[in-house]
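The values are calculated or read from the model by the stated rules, or taken from the named source; none is laboratory data. Predicted, not measured: the structure shown is a model, and the values here were computed from it. Positions of Cβ are backbone-derived with ideal geometry, glycine not excepted, and every protein chain shown enters the neighbour counts. These accessible areas exclude ligands, DNA and RNA; they are computed on the full protein's heavy atoms, side chains included. Shrake-Rupley method; radii C 1.70, N 1.55, O 1.52, S 1.80 Å.
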Amino acid sequence: MLLDSFTIIAQIINFLILIYLLKRFLFNRIIKIMDEREKQITDRMQDAKTAKEAAQKELDEQQRIREELQEKWNEMLAQAKKDAQKKREELVKDARSKIDEEQKNWREAILKQRTAFLRDLRHLSCEQVCQMSRKVLADLAGEKLENQLIENFLIQLGKLTKEEKNDFIRFIDKDERKIWVDSSFQLTGKKESEIRKILEEIIGDKVEINFKVSPKLICGIETRTEGKKISWNIENYLDGLEEQFKKAFTEFSFQESDVEKKEN
Amino acid sequence: MEISPDAIIFFKWNGIHLNATILFTWVVMLILILISWLATRNLTIGPKISRWQNFLEVIVGYIRQQVKEITQQNPDPFIPFLGTLFLFISVSNLLAIIPGYQAPTGSLSTTGALAICVFFAIPIFGIAKKGALAYFKHYLEPSIFMAPFNVIGDFSRTLALAVRLFGNVMSGSLIVAVLLIITPLFIPIVMQVLGLLIGQIQAYIFTVLATVYIASATRIENKPEQIEQKEGSKEDE
């Protein structure tokens, strides 16, 4: 017999009991735990998503701040470079101006020294030439230099053209009517009168002539009004010598500056 | 040799008898309940779970997924019935490898009992979901003249369920028994393995068919008016 009613009923009951027991011990528990786990995973994923979004936001913020700082840094660097360049230019300019000033001072000092040296040289040369001339003249011709100077001075006065004479007279003070005769040596009375005579001839009138020994005139004699001077002295010969010395000094200083530039 | 384990009677008293079918059903029930109870004693939702819990979660998860795919509804109300059906048939067939064991599903009484359960479960789920009137109305579709055929269809599919499972399991065990007589070595083992496979397939088929029947009974058909109403309510939102 394939079908047994008792067995069928018993199996139905068994099956219903099994449904109840498995529902209680298996399905409800397992499904509950699976749902809880699913919920937990969903929650965690949601949390992770939120955290990720927050982290991304924070990252973006940090990135923005970093870019801002970088920009500011670049600006500051550019400003610093600009300031440094400006400062450098100022310092260079300052240094150059100082160098120029010092160079100027130095040149002035050199010039002063040169002028002083030339003046001394001229003075010494004049003295030397004068002494030498005096000795040569005395030794060779038995003449005094002073006499020759006076003689030549008188000759020169005699050779004055009319225009030169008028030019000389024009500068004589009309009220005081004074002229001066300076010499580097003491004139004898005879020589003074000779000079007086020839000057009065030139002027054509009586004037007050003052004779004076002037150490400034190293070796010579001169006559002067308020604004005009006729002189006969050794200094005139030395003007050329002074020019030669000046030229030699200039060339020497140029050569020195060229050497300095090459060394630098 | 007995065709059905019903014929193997261990105890008989006043029309009440204990045969192999009932006895081995109890064994199957005991195993299922014992494993369930033991595995679900210490359930955790943490990342570290026991192997038994993992094993049962896989099975229950798979059943849920299958039922959800077939019914296209929330599977949880159907799971205790359909899950029990699958597990009972599956374990009953699986234990056939144990010598001396008689699969309860090899008895037409058992498969009949299961089919009867399905037969009654369909209207119960249908009425619970749609209401009695809506449920019984489908017998009159497409026309009132089809009502007898619909009723016959319900009975015949229940019968088919019972006979299909019984036939497969019973034939599997019969084939093994016959082959044991003809070629006692190796061949019965192959057939036994095949029998195991067939047993699992039959458990799957039985459950899937039951699911399909229940799904068809519980599915709410969207009539044109209802669709319009739904669309209207969505627009209101």
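Taking into account only those residues within segment B:59-71 that are closer than 16 Å to A:F25 by Cα and in contact (Cβ under 8 Å) with a residue 12 or more places away in the chain, which is least open to solvent (accessible area, probe 1.4 Å)?
First, the residues of segment B:59-71 that are closer than 16 Å to A:F25 by Cα: B:59-61.
Right, trim to in contact (Cβ under 8 Å) with a residue 12 or more places away in the chain and you get B:59-60.
Details: B:I59: 42, B:V60: 1 Å².
Going through the qualifying residues, I end up with B:V60.
It is to be established whether one or more residues within segment B:26-40 are within 9 Å of chain A (Cβ to nearest Cβ) and not in a helix (DSSP H, G or I). So far as segment B:26-40 goes, yes, one or more of its residues are within 9 Å of chain A (Cβ to nearest Cβ) and not in a helix (DSSP H, G or I). Just one of the listed residues (B:L108, B:L95, B:L87) is surrounded by fewer than 19 Cβ atoms within 10 Å (Cβ to Cβ) and in contact (Cβ under 8 Å) with a residue 12 or more places away in the chain, and it is B:L95.
Quick check on B:K48: is it among the basic types (K, R), more than 21 Å from the chain's Cα centre (by Cα) and over 28 Å from A:I30 (Cβ atoms)? Please lay out each step first, then the result.
Details: among the basic types (K, R): yes; more than 21 Å from the chain's Cα centre (by Cα): yes; over 28 Å from A:I30 (Cβ atoms): no.
Here the answer is no, as B:K48 does not meet what is asked.
Specify which of the listed residues (B:L43, B:L56) is within 11 Å of chain A (Cβ to nearest Cβ), surrounded by 12 or more Cβ atoms within 10 Å (Cβ to Cβ), not acidic (D, E) and not in a loop (DSSP other than H, G, I, E, B). Outline the logic, then answer.
Working: B:L43 fails: not in a loop (DSSP other than H, G, I, E, B).
Checking each option against the conditions leaves just B:L56.
Determine which member of the set A:R29, A:R88, A:R66, A:R96 is basic (K, R) and either within 14 Å of chain B (Cβ to nearest Cβ) or under 30 Å from B:N19 (Cα atoms) (or both).
Values: A:R88 fails: either within 14 Å of chain B (Cβ to nearest Cβ) or under 30 Å from B:N19 (Cα atoms) (or both); A:R66 fails: either within 14 Å of chain B (Cβ to nearest Cβ) or under 30 Å from B:N19 (Cα atoms) (or both); A:R96 fails: either within 14 Å of chain B (Cβ to nearest Cβ) or under 30 Å from B:N19 (Cα atoms) (or both).
Matching residue, one of A:R29, A:R88, A:R66, A:R96: A:R29.
Here A:I8 meets the list (1) within 60 Å of the chain's Cα centre (by Cα); (2) within 14 Å of chain B (Cβ to nearest Cβ) almost entirely, failing just condition (1). When B:Q65, B:Q73 are screened for being farther than 26 Å from B:T110 by Cβ and in a helix (DSSP H, G or I), only B:Q65 passes. With respect to the stated conditions, B:K129 is more than 14 Å from chain A (Cβ to nearest Cβ) and either touching a residue at least 12 places away in the same chain (Cβ under 8 Å) or touching a strand residue (DSSP E or B) at 6+ places or on another chain (Cβ under 9 Å) (or both). Among the conditions (1) open to solvent by less than 50 Å² (accessible area, probe 1.4 Å); (2) without any contact (Cβ under 8 Å) to a residue 40 or more places away in the chain, the only one that B:F78 does not satisfy is (2).
Restricting attention to segment B:30-40, the residues that are open to solvent by less than 80 Å² (accessible area, probe 1.4 Å) and free of Cβ contacts under 8 Å to residues at least 12 places away in the same chain add up to 1. Only one of the numbered conditions (1) under 16 Å from A:K174 (Cα atoms); (2) outside any loop (DSSP other than H, G, I, E, B); (3) touching a helix residue (DSSP H, G or I) at 6+ places or on another chain (Cβ under 7 Å) is violated by A:E200, and that is (3).
Residues checked against (1) open to solvent by less than 80 Å² (accessible area, probe 1.4 Å); (2) within 22 Å of B:Q65 (Cβ to Cβ); (3) in a helix (DSSP H, G or I):
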| site | (1), (2), (3) |
| --- | --- |
| A:I8 | yes, no, yes |
| A:I12 | yes, no, yes |
| A:R24 | no, no, yes |
| A:F27 | yes, yes, yes |
| A:I31 | yes, yes, yes |
| A:K49 | no, no, yes |
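Condition test on B:S90, is it under 17 Å from A:F27 (Cβ atoms) and more than 9 Å from every other protein chain (Cβ to nearest Cβ)? So B:S90 passes the test.
For segment A:181-204, residues that are under 57 Å from the mean Cα position of the chain (by Cα) and open to solvent by 60 Å² or more (accessible area, probe 1.4 Å) total 1.
What are the residues in segment B:1-25 that are open to solvent by 60 Å² or more (accessible area, probe 1.4 Å) and either touching a residue at least 12 places away in the same chain (Cβ under 8 Å) or in a helix (DSSP H, G or I) (or both), if any? First the steps, then the outcome.
If we filter segment B:1-25 for residues that are open to solvent by 60 Å² or more (accessible area, probe 1.4 Å), which is where we start, we get B:1-3, B:9-14, B:16.
Within segment B:1-25, B:M1, B:I3, B:F10 qualify.
Applying the criterion of being modelled with pLDDT of 80 or more and assigned to a loop (DSSP other than H, G, I, E, B) to the residues of segment A:138-173, the residue that is surrounded by the most Cβ atoms within 10 Å (Cβ to Cβ) is A:I172.
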